[in-house]
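Some notes on the structure that comes next.
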Amino acid sequence: MLGVALIGAGFIAEYHLAALRRLPGVALRAVVSRDAGRARRCADRFGIPDAGASLPALLARDDVQAAVVATPDDTQEDVAT
């Protein structure tokens, strides 16, 4: 099972999560956003067990092997590096 997290909890995040949850072999593990409350609401809508605001904590997790960066275009490079 591939553990996947989503970085960002805005408008586009829901489209990514809807697609990801249909993929066999993918387990949605967490949503991270600068706004922890927004991350929690997004995670709750999709039955994702963990949500928060700490990107370093997300990247340190052993159960997450991949992350989708679903933040505004002008922030994606900073998030990915």
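The values are calculated or read from the model by the stated rules, or taken from the named source; none is laboratory data. Just so it is clear, the structure is predicted and the values come from calculations on it, not from any experiment. Note that each Cβ is placed from the backbone with ideal geometry, even for glycine, and that neighbours are counted across all protein chains shown.
Worth pointing out:
- Put simply, of Asp78, Asp44 the only residue that is at pLDDT 90 or above, part of a helix (DSSP H, G or I) and not hydrophobic (A, V, I, L, M, F, W, C) is Asp44.
- Search result, residues across the range 1-41 that are of a type in the set (A, V, I, L, M, F, W, C), surrounded by fewer than 18 Cβ atoms within 10 Å (Cβ to Cβ) and assigned to a strand (DSSP E or B): Leu2, Val26, Ala27
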